[in-house]
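Some notes on the structure that comes next.
The values are calculated or read from the model by the stated rules, or taken from the named source; none is laboratory data. Model, not experiment: these values are computed from the prediction. No Cβ is skipped: glycine too gets one built from the backbone with ideal geometry, and neighbour counts run over all protein chains shown.
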Amino acid sequence: MRVSALFSGGKDSTYALYLTQQQGWEVASLLTVIPKASDSYMFHYPNIRWTKLHSEALGIPIKQRESSGLKEEELKDLEELMRSEDTDGFVCGAIASDYQWSRLNEIAQRLGKPMYAPLWRKDQLMLLEDMVHAGFKFMIAGVYAEGFDEGWLGKIITVHSIKELEQLREKYRISVTGEGGELETFVLDGPNFSKEICILEAHSNWKRNSGNYVITRAVLEDKK
């Protein structure tokens, strides 16, 4: 089975891609929509332009397309990107968002190809733990919910920080994987990466109770 992966450089799309490879499927390409609007309903926003580094580290070609980021209109840009692919189907990192999953399925059905979501409806805490134990290194690239502070920006997710997220879930009822838009992530390394992404320059943009970790300079380096 040859598939194209909807890819943002965040933990969910990266881990879904990895699980797809683990079952012996070929991931022939990465598809990335770059929204101009930071409040896109469908697409990851912080640092998404750096997905070319992920492409190189994964050894998988990438196709990118800019979008206005306007609700529903951005789906047309995604469909055009998917339409150009000569693969048997698609894979995505959807976990619990019915809005996202229903619209991705609608596009795939119109194109006459299946959409696979290996993370769909999985226990969210267990997913985070599985990602860390599998060897993925990822950090928080944006937080947008009560309970988070600026100290979370750029923070690497470990077994310890997963426990902190669990505590925030108990107190503020957040989704620990960010399925309600509470957080975004950026993957630095993984078991299917040939090299690690090293951030050389970055800064935090913080306003009231939300903010982004903005990468301004990054390179690929040999794994330590």
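Some points to look at:
- Filter result for the condition that a residue is buried (at least 17 other Cβ atoms within 10 Å of the Cβ) and either among the aliphatic types (A, V, I, L, M) or in a strand (DSSP E or B) (or both), over 188, 200: 188
- Residue 171 being part of a helix (DSSP H, G or I) and outside the structural domain of residue 75 (by TED's automatic domain parsing): yes
- Boolean, residue 76 is free of Cβ contacts under 8 Å to residues at least 40 places away in the same chain, within 20 Å of residue 35 (Cα to Cα) and surrounded by 14 or more Cβ atoms within 10 Å (Cβ to Cβ): no
- Only residues that are touching a Leu at 6+ places or on another chain (Cβ under 8 Å) and in contact (Cβ under 8 Å) with a residue 40 or more places away in the chain were counted across the stretch 126-164, and they come to 13.
- Residue count, the stretch 52-81 (criterion: at pLDDT below 95, in a helix (DSSP H, G or I) and not basic (Lys, Arg)): 8
- When 139, 131 are checked against the criterion of being touching a Lys or Arg at 6+ places or on another chain (Cβ under 7 Å), in a strand (DSSP E or B) and buried (at least 19 other Cβ atoms within 10 Å of the Cβ), 139 stands alone in meeting it.
- Positions within the stretch 83-105 being outside any loop (DSSP other than H, G, I, E, B) and touching a residue at least 12 places away in the same chain (Cβ under 8 Å), in sequence order: 83, 89, 90, 91, 99, 100, 101, 103, 104
- Contact map, the stretch 187-215: first residue over 15 Å from residue 140 (Cα atoms) and not assigned by TED's automatic domain parsing to the domain that holds residue 10, second residue surrounded by fewer than 18 Cβ atoms within 10 Å (Cβ to Cβ) and among the hydroxyl-bearing types (Ser, Thr, Tyr), Cβ cut-off under 6 Å, separation 6 or more or different chains; pairs are 201/216.
- The stretch 129-160 - residue that is among the hydrophobic types (A, V, I, L, M, F, W, C) and within 16 Å of residue 209 (Cβ to Cβ) and, of those, nearest to the chain's Cα centre (by Cα): 140
Condition check ((1) acidic (Asp, Glu); (2) not assigned by TED's automatic domain parsing to the domain that holds residue 183) across all residues:
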residue	(1), (2)
92	no, yes
98	yes, yes
105	no, yes
112	no, yes
124	no, yes
139	no, no
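- Considering residues of the stretch 161-186 that are of a type in the set (Ser, Thr, Tyr) and closer than 18 Å to residue 12 by Cβ only, the residue farthest from the chain's Cα centre (by Cα): 161
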